[in-house]
Amino acid sequence: MQSSQLEMKALGEGNSARYAKTIEFSKRIRWDIDRDVIRGRKFEFSKKFLPDGLSHVQSLGFLDVDERRLLSQIQGRTYANMFGLVERFIGPKISEVSRDHWLGDQAAFEALVRFTDEELKHQELFRRIERMTAAGMPEGYQFRPQPNDVAGAVLGKSTWAVLALICHIELFVLAHYRQSIEPDGELSELWKDVFMFHAKEESQHAILDELEWAREDAKLTPEQRDAAVNDLIALVGAVDGILQLQANADTDYFARVCGRKLGKADAQKVHDAVLKAYRWQYIVSGVQDERFQKALGGMITEAQMQRIGTALAPILA
């Protein structure tokens, strides 16, 4: 048996209990969109959606309290839509990798089937959130990225790179909730609950991401891993392109509906703050997550890590 096959066999034998544990937890915290999350409620538009630690609206001192709240709601609407977008490719990729367990570890297979099912539920939740926010906000908001196009492009990259991106996303979901959303008592209660329930299931998904990413890594030759690092760098660059596109759209929308005419300099400051916030939310906070850094650092060489760092430098700046 080749060394990579031996490594995969050892990984499978050592991790079966971890897959089984995620099943147990999935059953225990299983929630329903209407019964548990929405519960007949509406969003409170008198309150913020995103906390200041994610929205960065506090840096815009020339906006008044109402304007900063509106900008947090616009960002919050995009935040929900972004998760709806990424879950469009997360579900298919997890369904795909579950194939390796069809005739093997049935705990692993069930855990990944549950993962996929929960991601489909999350997509429906975020479609509901978009409809509900649209009902309470001025017309004209646009979510520019096309989810199916984005998913098709992402799924065209190597499985290692896609699993790395998925793990990164689900770890920053947890960090955002624990560090910024949960402690903020000024947020819309319904909006806060949406991301509390979302984080509950994502906490198990992050464990499965790490297991499947490590399993995929054990299959690769050094040359294949190096190519996969290039794919990951390309995916992060593509994410940044999406963020720039949506930052433009959200800034334009805010300028149209905020109730006053923004000067060119102030509009540029809003744009720069929104783009900085989006880069923090969807790239930097995940890249800097200690758990993600440990997982990634255990798979790649120092030279590859430096290559990633060089690619990230303009975004981090």
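Any read-out appearing in this document is the output of simple, stated calculations on the displayed coordinates, not a laboratory observation. All values reported here derive from a predicted model rather than from experimental measurement. Here the Cβ is made from the backbone with ideal geometry for all residues, glycine too, and neighbour counts use every protein chain on show.
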For this session: Evaluate the Kirkwood expression for the hydrodynamic radius of the chain, namely the inverse of the mean inverse distance over all pairs of different C-alpha atoms, and round to one decimal in Å.
Result: 20.5 Å
Seminar exercise, completed: Pseudo-spin-label distance Arg35 to Glu124, built 7 Å along Cα→Cβ, given in nm, is 1.2 nm
Seminar exercise, completed: Of region 280-317, those with amide N under 13 Å from the point 7 Å along the Cα→Cβ vector of Gln179 are 280-293
Exercise. Hey, got a sec? Which chymotrypsin sites (Phe, Trp or Tyr not before Pro) in region 58-131 land in a DSSP loop and have at most 14 other Cβ atoms within 10 Å?
Worked result: Phe62, Trp102
Exercise. Which length gain, in nm to one decimal place, applies between Thr301 and Val113 when the Cα-Cα distance is subtracted from 0.36 nm times their residue separation?
Worked result: 64.4 nm
Seminar exercise, completed: What helix-only [θ] at 222 nm does the chain give? Using -39500 (n - 2.57) per DSSP H run of at least 4, over all residues, to the nearest 500, the answer is -24500 deg cm²/dmol
Problem set entry | Principal axis box of region 98-196, alpha-carbon based, largest edge first, Å | 50, 32, 21
Exercise. Using a basic spin-label model with each label point 7 Å from the Cα along Cα→Cβ, how many nm lie between Glu44 and Asp266?
Worked result: 2.8 nm
Exercise. Given 0.36 nm per residue, what is the gain on full extension from Ser95 to Gln224 after removing their alpha carbon distance, in nm?
Worked result: 44.2 nm
Exercise. Got the relative contact order for the chain handy, in percent, Cα pairs under 8 Å and 6 or more residues apart?
Worked result: 27 percent
Exercise. Spin-label point model (7 Å from Cα, Cβ direction): what's the Arg144 to Ser16 distance in nm?
Worked result: 5.1 nm
Exercise. What share of Cα pairs, in percent, lie more than 17 angstrom apart in region 154-247?
Worked result: 60 percent
For this session: Enumerate the lysines that Lys47 could reach by cross-link, defined here as Cα to Cα under 18 Å, with residues fewer than 8 away along the same chain left out.
Result: Lys192
Exercise. Which log10 I(q)/I(0) values, to two decimals, does region 213-288 give at q = 0.14, 0.28 Å⁻¹ under the Debye formula with one point per Cα?
Worked result: -0.60, -1.20
Seminar exercise, completed: TM-like helix rule applied to the chain (DSSP H, alpha carbon span at least 18 Å on the long axis, mean Kyte-Doolittle at least 1.0) gives 159-176
Problem set entry | Over region 244-290, volume per residue of the alpha carbon convex hull, in Å³ | 65 Å³
For this session: Excluding residues on the same chain fewer than 8 positions from Lys219, give the lysines whose Cα lies under 29 Å from its Cα.
Result: Lys9, Lys21, Lys93, Lys157, Lys294
Exercise. If we sort 44-55, 130-141 on the protection proxy, mean other Cβ atoms within 10 Å, highest first, what's the order?
Worked result: 44-55, 130-141
